Amino acid sequence: MACPSFVSAVRLTPGDDLKQGLLKFMTKSPELTSAWIQTCVGSLDKAVIRLANATATNKNQVLELNERFEILGLVGTIDENGAAAHLHITLGDKNGKVYGGHVMDGCTIFTTAEIVLGTSPGIKFGRAFDKSTGFPELSVTTLPPPPPLSKVIIFAVLIAGAAYFLSQSST
């Protein structure tokens, strides 16, 4: 089923935790049910990422790096009302070496993280434990379409939020 989508944005500031900052933004933005990352630029001064070789029985293959990185890419989903997030990141160090993996708590913003989110009132993301992987995996619920007036209200709230964000970033 095709669903209309809307855009929102947030800027995280120096010292913020990347994952927790996104979850906090979602809990303070009731117009956003679930979301996905559309783009992100910024930098970290500490990265904590789980590597691809993690399994249900070996979940702790974590790389912790204490240096400055450019955020080259961020992708993922954020569950309803910021309950959880599944995020992957690609980072570049000062020599151009690239690192990537699953975002863990502890990734701290160096200068900024400018994140654009997509959302749709027609879908809801959640997590359900999957015995075959040993991890909570994405579950998608399709919601009934809202009445036309609520689409207008949601759009107006998102526009107001974007205007507020822009006014705050210029001060």
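For segment 114-130, the condition of being part of a loop (DSSP other than H, G, I, E, B) and over 22 Å from ALA162 (Cα atoms) holds for none of the residues. Figure legend. Inter-residue proximity from segment 96-116: first residues farther than 25 Å from SER8 by Cβ, second residues of a type in the set (Phe, Trp, Tyr) and assigned to a strand (DSSP E or B), beta-carbon distance below 8 Å, spacing 6+ or different chains. Indicated pairs: TYR99/PHE69.
Total residues in segment 59-73 satisfying the condition of being crowded, with 17+ Cβ neighbours inside 10 Å and without any contact (Cβ under 8 Å) to a residue 12 or more places away in the chain: the figure is 0. Selection over segment 1-26 of residues that are in a loop (DSSP other than H, G, I, E, B) and surrounded by fewer than 16 Cβ atoms within 10 Å (Cβ to Cβ) gives a count of 8.
Give me a count of the residues in segment 55-94 that are touching a strand residue (DSSP E or B) at 6+ places or on another chain (Cβ under 7 Å) and charged (D, E, K, R). Number satisfying all stated conditions: 6. Quick check: is even one residue across segment 94-105 among the polar types (S, T, N, Q) and crowded, with 16+ Cβ neighbours inside 10 Å? No.
Take the residues in segment 27-41 that are in a strand (DSSP E or B) and buried (at least 22 other Cβ atoms within 10 Å of the Cβ), then tell me which one is modelled with the highest pLDDT. So, considering only residues that are in a strand (DSSP E or B) and buried (at least 22 other Cβ atoms within 10 Å of the Cβ), the one modelled with the highest pLDDT is CYS40. Taken together, ALA52, ALA47 contain a single residue that is surrounded by 13 or more Cβ atoms within 10 Å (Cβ to Cβ), touching a residue at least 40 places away in the same chain (Cβ under 8 Å), over 18 Å from SER5 (Cβ atoms) and in contact with a strand residue (DSSP E or B) (Cβ under 8 Å, 6 or more places away or on another chain), which is ALA47. Applying the criterion of being on the phi < 0 side of the Ramachandran plot and of a type in the set (Gly, Ala, Ser) to the residues of segment 74-93, the residue that is surrounded by the fewest Cβ atoms within 10 Å (Cβ to Cβ) is ALA83.
The values are calculated or read from the model by the stated rules, or taken from the named source; none is laboratory data. Keep in mind it's a predicted model, so treat the numbers as computed, not measured. All Cβ positions, glycine included, derive from the backbone under ideal geometry; neighbour counts span all protein chains shown.
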